[in-house]
Amino acid sequence: MSDSKLSIKISIADRYYPLRIAREDEEMVRAAAQRINQRIEQFNVKYSGQDTQDALAMASLQFVMSLLKHEKADDIHKISTEIASLNNFLGEYLER
């Protein structure tokens with residue numbers, strides 16, 4: 001086994017998944033699994049009687065929506081930076 005890879009098992013929705021990950025990612029992977037399980041538990045409490053698959057699907061939907069919001073915010077920041085750069089360029093050009 002390579003020193004850079006680590007074999008771990010994580011539990012999501014009472015199922016275990018063996019993973020080979022970079023050692024530096026272990027904490028993040030375990031935290032991600034914990035967050036998923038917390039969200040599943042929230043759905044199970046709120047909507048008792050629902051299938052675990054339904055809770056897992058809704059948790060996935062919420063996490064991806066959050067990711068898309070962050071990506072959109074990052075895109076807006078990049079566009080704003082580019083506009084500011086172009087504005088500076090045009091200002092300098094017009095001063096000549």
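The values are calculated or read from the model by the stated rules, or taken from the named source; none is laboratory data. Since we're looking at a predicted model, the values are computed, not measured. Note that we place each Cβ from the backbone using ideal geometry, even for glycine, and neighbour counts take in every protein chain shown.
Taken over segment 15-46, the criterion of being outside any strand (DSSP E or B), within 20 Å of residue 61 (Cβ to Cβ) and not hydrophobic (A, V, I, L, M, F, W, C) is satisfied by 34, 35, 37, 38, 39, 41, 42, 44, 46.
When segment 7-35 is limited to residues that are among the charged types (D, E, K, R), in contact with a Ser or Thr (Cβ under 8 Å, 6 or more places away or on another chain) and surrounded by 10 or more Cβ atoms within 10 Å (Cβ to Cβ), the one that is nearest to residue 51 (Cα to Cα) turns out to be 20. When residue 4 is tested against (1) in contact with an Asp or Glu (Cβ under 9 Å, 6 or more places away or on another chain); (2) surrounded by 10 or more Cβ atoms within 10 Å (Cβ to Cβ); (3) not basic (Lys, Arg), only condition (2) is not met. Taking the conditions (1) in a helix (DSSP H, G or I); (2) farther than 14 Å from residue 13 by Cα in turn, residue 58 satisfies each one other than (2). Conditions first: (1) loosely packed, with under 13 Cβ neighbours inside 10 Å; (2) under 30 Å from residue 5 (Cβ atoms); (3) within 17 Å of the chain's Cα centre (by Cα). Residue 61 passes all but one, so which condition is the exception? It fails just one condition, (2).
Based on what the data block shows, is residue 67 closer than 26 Å to residue 10 by Cβ and not small (Gly, Ala, Ser)? Don't jump to the end; show me each part of the working.
Details: closer than 26 Å to residue 10 by Cβ: yes; not small (Gly, Ala, Ser): yes.
Yes: the conditions hold for residue 67.
From the list 89, 63, exactly one residue is of a type in the set (A, V, I, L, M, F, W, C) and touching a helix residue (DSSP H, G or I) at 6+ places or on another chain (Cβ under 9 Å). Which is it?
On the way: 89 fails: touching a helix residue (DSSP H, G or I) at 6+ places or on another chain (Cβ under 9 Å).
Just a single option satisfies the conditions, and that option is 63.
May I ask you to verify whether residue 73 is surrounded by 12 or more Cβ atoms within 10 Å (Cβ to Cβ) and not hydroxyl-bearing (Ser, Thr, Tyr)? Walk me through it before giving the result.
On the way: surrounded by 12 or more Cβ atoms within 10 Å (Cβ to Cβ): no; not hydroxyl-bearing (Ser, Thr, Tyr): yes.
No: the conditions fail for residue 73.
Report whether or not residue 44 is closer than 21 Å to residue 11 by Cα, touching a Ser or Thr at 6+ places or on another chain (Cβ under 9 Å), modelled with pLDDT under 90 and surrounded by 10 or more Cβ atoms within 10 Å (Cβ to Cβ). It would help to see each step written out before you state the result.
On the way: closer than 21 Å to residue 11 by Cα: yes; touching a Ser or Thr at 6+ places or on another chain (Cβ under 9 Å): yes; modelled with pLDDT under 90: yes; surrounded by 10 or more Cβ atoms within 10 Å (Cβ to Cβ): yes.
Spelling it out, residue 44 is indeed closer than 21 Å to residue 11 by Cα, touching a Ser or Thr at 6+ places or on another chain (Cβ under 9 Å), modelled with pLDDT under 90 and surrounded by 10 or more Cβ atoms within 10 Å (Cβ to Cβ).
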